[in-house]
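Working notes, beginning with the structure itself.
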Amino acid sequence: MRSAKDFFRPLAVGAPEPLREIPARPSRAIHFFDPSNPKMAAKIPDMVGRVDVLLGNLEDAIKADNKVAAREGLVKIASETDFGPTQLWTRINALDSPWVLDDLTTLVPAIGHKLDVIMVPKVQGAEDIQYVDRLLAQLEAKAGLERPILVHAILETARGVANVEEICGASPRMQGLSLGPADLAADRRMKTTRVGGGHPGYLVRQDPPLNELGVAQIEAQRSTFQQDLWHYTIARMVDACAMHGIYPYYGPFGDIADVVACEDQFRNAFLLGCVGTWSLHPKQIAIANRVFSPSVEDVKHARRVVEAMGDGTGAVMLDGKMEDDASLKQCLVMVELAEQLAAIDPELKQQYDAIQLEGEEA
Ligand code: GLV
Ligand code: MG
């Protein structure tokens, strides 16, 4: 284990200083694109400013024959595009694959100055993050980069989940975690075949009614309630990320047509503490932007509580409900997020500003 004194020392001579705090940049939707697909690549400049994060995917979903084309395509797109307020991320190949070394040694010198975050798949433990950490420092030093590239781990192995806290704390580069429900389900030998989302078989059933003799009517019609297969893992991710000052994300929702269930799954993650999710299709961007932005009603309520609580101590009654230091802190989370999002999303800013005006008029 590194001494606390050494934790923020660059891991290579000449590498940029590690960050002491991970910036809270809006990242409601991380939109995946295949850089080897010319049709998709052509759309990227138009998406700048319309999505918080564009991610050039090099890993799963890219055929082995296209791995080099995807890597080179990403270099070309990144070099030719001005990303303005939109972040550029990439997902490199897995650390046990034959492609990952070339991914890193190609991308960092060529486009390292434009890359905000590198997503590392199938992370098993702190040792995987430490490997990438040192390699990035060496490559950054060689390329003369002035700011460190951050690292995001996908939680998609049973061992990764067991080691989630040490993964989050393994390097000052750690920016966040995403859930990888498809690989995680396979690794855990779960009996599902979907990419994220619920399953109709994972449910609880209402107790049977009793007849007049007090005997349970097992065969009677009873309501069932579908449960969330991912609740446990997301809750662990959220705690591990909060503990280390980094950010948790939902992952892929593979049923592109089912925009309703997609929205539900994203909202569960938002309510539990996630800051964003992946988008596998342009229509999921709008869903993510809506879900991962606090609602106007919530922001309105949060601002009222902040105002009513004055110096933040004690308790007040608002609409028959008790508000105190702890509910104030929850409201501040909403207000701060609304401010960050308003700074980059003019439509949202207008909606949030309208509340302010209403308040002033009243
Ligand atoms: C994502 O990579 C997943 O495996 O779900
Ligand atoms: Mg995966």
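The values are calculated or read from the model by the stated rules, or taken from the named source; none is laboratory data. Quantities reported herein were computed from a predicted structural model and do not represent experimental measurements. Note that each Cβ is placed from the backbone with ideal geometry, even for glycine, and that neighbours are counted across all protein chains shown. With ligands, DNA and RNA removed, areas are computed over all heavy atoms of the protein, side chains included. Shrake-Rupley method; radii C 1.70, N 1.55, O 1.52, S 1.80 Å.
Normalised by the number of residues in the chain, the mean separation of alpha-carbon contacts (under 8 Å, six or more apart) gives a relative contact order of 14 percent.
Across the options Leu177, Tyr131, His301, the greatest Cα extent toward the positive end of the charge dipole of the chain (unit charges at beta carbon of Lys, Arg, Asp, Glu) belongs to Tyr131. Put a plus charge on the Cβ of each Lys and Arg, a minus charge on the Cβ of each Asp and Glu, and nothing anywhere else: the dipole of the range 18-148 about its Cα centre is then about 280 debye. Using only side-chain charges placed at the Cβ, +1 for Lys and Arg and -1 for Asp and Glu, the dipole size of the range 179-261 relative to its Cα centre rounds to 220 debye. Shape summary of the range 209-295, radius of gyration then Dmax from alpha carbon positions: 18.3, 58 Å.
Taking every protein chain into account, the 1.4 Å probe leaves Ser295 with about 40 Å² of accessible area, to the nearest ten. Ordering Gly312, Leu271, Pro148 by Cα displacement along the dipole of the chain toward the positive end leaves Pro148 in first place; charges were set at the Cβ atoms of Lys, Arg (+1) and Asp, Glu (-1). Straight Cα distances below 20 angstrom link Lys191 to the aspartates and glutamates Glu156, Asp183, Asp228, Asp255, with same-chain residues fewer than 8 positions distant left out. Per residue, the convex hull spanned by the Cα atoms of the range 93-187 measures out at 86 cubic angstrom.
As a ratio to 2.2 N^0.38 Å, the alpha-carbon radius of gyration computed for the range 121-276 takes the value 1.36. Once the range 215-362 is represented by equal point scatterers at the alpha-carbon sites, with solvent omitted, what log10 I(q)/I(0) does the Debye formula produce at q = 0.10 Å⁻¹? These q points yield log10 I(q)/I(0) values of -0.48.
Relative to the longest principal axis of the Cα atoms of the chain, helix 296-308 runs at roughly 80 degrees.
Against the empirical 2.2 N^0.38 Å (N residues), the range 13-172 has a Cα radius of gyration ratio of 0.99. Share of carbon and sulfur in the accessible area of the chain stands at 54%, probe radius 1.4 Å. The mean accessible area for residues of the range 4-292, using a 1.4 Å probe and ignoring ligands and nucleic acids, is 47 Å² per residue.
Across the alpha-carbon atoms of the range 4-292, the computed radius of gyration and Dmax are 20.8, 82 angstrom.
Near Lys300, which aspartates and glutamates are there with a Cα under 16 Å away, not counting those fewer than 8 places off in the same chain? Excluding near neighbours in sequence, the set is Asp319, Glu323, Glu336, Glu339, Asp353, Glu358, Glu360, Glu361. Ligands, DNA and RNA excluded, the heavy atoms of His199 present near 50 Å² of accessible surface to a 1.4 Å solvent probe.
What number, in percent, do you get for the relative contact order of the range 297-361 if the mean sequence gap of Cα pairs under 8 Å and at least 6 apart is divided by its residue count? It would help to have the intermediate numbers written out before the result.
Details: 51 pairs, mean separation 18.8, N = 65.
With pairs under 8 Å counted, the relative contact order is 29 percent.
Using a probe of 1.4 Å on the protein chains alone, the accessible area found for Tyr232 is around 120 Å².
Averaging the inverse of every distinct alpha carbon separation and then flipping it gives the Kirkwood radius. What is it for the range 297-361, in angstrom units? Display every interim value, and only then the final one.
On the way: mean 1/r = 0.0811 Å⁻¹.
Every distinct Cα pair counted, the radius reaches 12.3 Å.
Helix content alone sets the calculated 222 nm mean residue ellipticity of the chain: runs of n ≥ 4 DSSP H residues at -39500 (n - 2.57) each, divided across all residues, give -13500 deg cm²/dmol.
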